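**Q** Below is the structure I would like to discuss, written out as structure tokens.
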Amino acid sequence: MKQMYQMIDTPSLIIDLDRAMENIQMMQQRANELGVDLRPHIKTHRMTYFAKKQMEAGAAGIACAKIGEAEVMAAAGIKDIFIANEIMGESKYERVRQLHQKIHIRVGVDNIYQIDQIEKVFAQEEKPLEVLMEYEVGENRSGIITDEQLDTLVEYILTKKHVVLKGIFSHEGHTYKASNRDDCVKKAEEAYRRTLRAADRMRQLGADIDTVSIGATPSIMNGSFLEGITELRLGTYIFFDLGQASAIGDFSHCAATVLTTIISKPTEERVVLDAGAKALVSQNRDSGICATAGFGYVKDSNNVRIAGLFDEHGLIYDSEFSKTVQVGDKIEVIPSHVCPTVNLYDEAVLVSNGAVVGTIPVDCRGKSK
């Protein structure tokens, strides 16, 4: 472990600033080469610092999952935000209306109930709220599924004065479980074809849409794309994690780690860390190209994994690794899933070339309403 890190208390979230910036530039260049907009999803980092870095690099705007995130980002000066999620409740649309009066904001929809709420809350607004319809492409989560559902929702929106349909968005999250890279590309491009077909149907019904938004880091990193897409909407690429690195067979993009201290070595093979489920999420993937085989990966190790998590303890079972470390040593762990891991911390420690360069707040931590 670099001596510079010895003064950092643990567990701590560490961000390699150089790698994060390289990742930002890499994906922006990819979008530029494809001739499409990049709209980073800030659910991964939840930090205004990095959202601004993405915007400075050329992003068209940002995507959020929650109104709370959008409020924080708008207060920091970001003026183009898409909430890529279904919002439910008139009180929430009142908050959207406040944002609508200050910035360009769009929200996701997939049901008539939402449209009625928007129409009611925005009744006194001169400008209608712009919405994108979510389309289900294989992850089996939210979104319109059938042509009948699509037709009904599009035709209903077209009758409203305070809601305007501007596009479609989908998330090919099921590619995380693809069996290999070729299967990932195949699944992604089938999802894109379905999304583009739905977009054409929307236009035929009379919707004047300008956005076809897709995105998942593994599929884009493995070269997936089809003409007609207008926007890449993805988030994990900024930091990567164990799953994302596994998907491309490359750990060099991993910018986020959890610094943790070895607090016990009760047996010849068991190593105990001070980072448990409150510092590393107890979430992993057991199959597909993003499979993690554990709850974290010890950086620069010979495939040493976090085998188990208690609330305050992380467990490694590896006799060879145990021989190389002592109680009191600090190690870096690449988390299995970085997005919820970041949300466990109030701040991140920025490092460059092994040296601490500062700390930044995780501004949107807990902003999930």
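**Q** For the chain, take the longest principal axis of its alpha carbons; what is the angle in degrees between that and the long axis of helix 147-157, to the nearest 10 within 0 to 90?
**A** 70
**Q** What is the magnitude of the charge dipole of the chain about its Cα centre, with +1 placed on the Cβ of each Lys and Arg, -1 on the Cβ of each Asp and Glu, and no other charges, expressed in debye to the nearest 20?
**A** With only Lys, Arg, Asp and Glu charged at Cβ, the dipole is about 420 debye.
**Q** If you don't mind, another one. Which one, L226, F240, F321, projects farthest toward the positive side of the charge dipole computed for the chain from Cβ point charges (K/R +1, D/E -1)?
**A** Of the candidates, F240 comes out farthest on the positive side.
**Q** Quick one: 3J(HN,Hα) in Hz for region 58-67, Karplus 6.51/-1.76/1.60 with θ = phi - 60°, rounded, Gly and Pro as x.
**A** x, 4, 6, x, 10, 10, 10, 9, 9, 5
**Q** Relative contact order for the chain: what is it in percent, counting Cα pairs under 8 Å that are at least 6 residues apart?
**A** Computed value for the chain: 21 percent relative contact order.
**Q** Under a 10 Å cutoff between Cα atoms, tell me which one of Q101, Q114, Q54 has the largest fluctuation in the Gaussian network model of the chain.
**A** Of the options given, Q101 has the highest mean-square fluctuation.
**Q** Return the carbon/sulfur percentage of the accessible area of the chain, one whole number, probe 1.4 Å, all protein chains in place.
**A** So the carbon and sulfur contribution to the accessible surface is 46 percent.
**Q** Turning to a different aspect of this structure: Only helical DSSP H runs with n ≥ 4 go in: add -39500 (n - 2.57) per run for the chain, normalise by residue count and round the 222 nm mean residue ellipticity to 500 deg cm²/dmol.
**A** -9500 deg cm²/dmol
**Q** Enter the angle in degrees (range 0 to 90, nearest 10) between the Cα long axis of helix 48-57 and the first principal axis of the Cα atoms of the chain, meaning the one along which they spread out most.
**A** Value to nearest ten degrees: 70.
**Q** Comparing M27, M133, M88, which has the greatest mean-square fluctuation in the GNM of the chain with Cα pairs linked when under 10 Å apart?
**A** Its mean-square fluctuation being the largest, the pick is M88.
**Q** Taking the chain as a Gaussian network, where each spring joins two C-alpha atoms under 10 Å apart, which residue of L350, L129, L226 fluctuates the most?
**A** In the Gaussian network model the winner is L226.
**Q** I would also like to ask the following. Would you please give the residues with an amide H less than 5 Å from that of V163, counting only those at least 5 places away or on a separate chain, with H modeled from the backbone geometry?
**A** L129
**Q** Relative to the first principal axis of the alpha-carbon coordinates of the chain, what is the inclination of helix 17-34, with its axis defined by its Cα atoms, in degrees from 0 to 90 and to the nearest 10?
**A** Helix 17-34 sits roughly 30 degrees off the main axis of the chain.
**Q** Rolling a 1.4 Å sphere over the protein heavy atoms, what is the accessible area per residue of region 30-123, to the nearest Å²?
**A** Dividing the accessible area of region 30-123 by its residue count gives 37 Å².
The values are calculated or read from the model by the stated rules, or taken from the named source; none is laboratory data. Keep in mind it's a predicted model, so treat the numbers as computed, not measured. A quick note on method: Cβ atoms are made from the backbone with ideal geometry, for glycine too, and the neighbour counts reach across all protein chains shown. What goes into the accessible areas is simple: the full protein's heavy atoms, side chains included, and nothing from ligands, DNA or RNA. Shrake-Rupley method; radii C 1.70, N 1.55, O 1.52, S 1.80 Å.
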